[in-house]
Amino acid sequence: MDRSRTTNPHQQSLVGVLNAVSAFLIWGLCPIYYKFLPAVPTFEILMHRMVWSFLFLLPLVLFQGRWNEFKQALKNGRNLMILLATTLIVSGNWFVFIWAINHNQILQTSLGYYINPLINILFGVVFLKERLRFAQIVAVFLAGMGVLFLTAHHGKLPWIALTLAITFGLYGLIRKVAPVSALIGLTVETFFMSIPALFYLVHLYTSGAGAFLRISIQINLILICAALVTALPLLLFTTGARMLHFSTVGVLQYIAPSATFLLAVFVYKEPFTMVQVWAFGLIWTALCIYSTESVIFYRRNSAAYAVAGENFELERPNVIGDKTGF
């Protein structure tokens, strides 16, 4: 059954918001996870992320009875090309993110995910023909000012931040229009990544190197848990993004860099300047404006929807395909 047609669009939007917010909170707090792996090289951590994520997702596909859907995705040439592109993009994003954390650049990752919602909004307007209401424009403007403050503070091109913002923006855009469900698409992506990753890890182990099964049980378990840190938020994100306007996803994504920013400053004691204070304040002001306007808009149109019934066409989430995922 086509869930996008039978579900109240407001209920669908709420589910999308809950999925997206959960994903962004996990991403925002995940530097804590990687700080437990200081002795493991970035590339090796990335390889473990790929393998364990696939091993986490495959049982979900089998349990939900979607093995045939997974096989069909592998047989469709167009889908394979799309998912291969998203695989390469998200792999690069993961590597830069882990490298930055291991090199004490958590604030740079925060900056990257402050910029990313602006990239999402730009992609949404240009490619998906989405339009912003006035209050949303004001919110985006204030958030943009905050990002400019942060960027100017670095005094040089923040390549880590820009790489994270652009790659994740591209990933979100392409996955939003890919004609596969969130679970199947992510399983295919991690399947592509896990093949070379497994060969690399086996080679590493047989050559007497590598951290897995060599340092401690704790390190082994932490590397295995890369499946949860990786697959769970990505699955939540791709599910939520397909239920929401791209511009909405862009504003919600400020949750992740805000959590990361707080970790960097108050937990890992990275420098905190007045420029960052002003930027942080502008961005949260933007969130307050956007959230307040969204609640008012939702309530006003909910009443109209209840009166007019199914014939009332609301601002519907941009749902692509016949399923919104797991």
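Details
- Criterion: modelled with pLDDT of 80 or more, of a type outside the set (Phe, Trp, Tyr), within 19 Å of the chain's Cα centre (by Cα) and not in a loop (DSSP other than H, G, I, E, B) - qualifying residue of 221, 186, 204, 198: 186
- Being among the aromatic types (Phe, Trp, Tyr), out of contact with any Phe, Trp or Tyr (no Cβ under 7 Å at 6 or more places or on another chain), assigned to a helix (DSSP H, G or I) and buried (at least 18 other Cβ atoms within 10 Å of the Cβ) holds for only one residue in 149, 141, 192, and it is 192.
- Qualifying positions in the range 102-117 - in a helix (DSSP H, G or I) and either within 14 Å of the chain's Cα centre (by Cα) or over 26 Å from residue 287 (Cα atoms) (or both): 102, 109, 110, 112, 113, 114, 115, 116, 117
- Of the listed requirements (1) over 17 Å from the mean Cα position of the chain (by Cα); (2) among the β-branched types (Val, Ile, Thr); (3) at pLDDT 80 or above, residue 125 misses just one: (3).
- Counting only helices (runs of 4 or more DSSP H) wholly contained in the range 244-313, the ones carrying 2 or more residues that are modelled with pLDDT under 75 and out of contact with any helix residue (DSSP H, G or I) (no Cβ under 7 Å at 6 or more places or on another chain) occupy 274-308.
- Each residue in the range 195-211 was checked for being touching a residue at least 60 places away in the same chain (Cβ under 8 Å) and either surrounded by 17 or more Cβ atoms within 10 Å (Cβ to Cβ) or among the hydroxyl-bearing types (Ser, Thr, Tyr) (or both), and 6 of them qualify.
- Answer residue from the range 50-71, given it is of a type outside the set (A, V, I, L, M) and surrounded by 15 or more Cβ atoms within 10 Å (Cβ to Cβ) and is nearest to residue 221 (Cα to Cα) among those: 52
- Total residues in the range 73-111, condition within 28 Å of residue 179 (Cβ to Cβ), touching an Asp or Glu at 6+ places or on another chain (Cβ under 8 Å) and not β-branched (Val, Ile, Thr): 1
- Residue 32 buried (at least 17 other Cβ atoms within 10 Å of the Cβ) and either in contact with a Lys or Arg (Cβ under 8 Å, 6 or more places away or on another chain) or not hydroxyl-bearing (Ser, Thr, Tyr) (or both): no
The values are calculated or read from the model by the stated rules, or taken from the named source; none is laboratory data. Nothing here was measured: the structure is a model prediction, and the numbers come from that model. Reconstructed Cβ throughout: ideal geometry from the backbone, glycine too, with neighbour counts over all protein chains shown.
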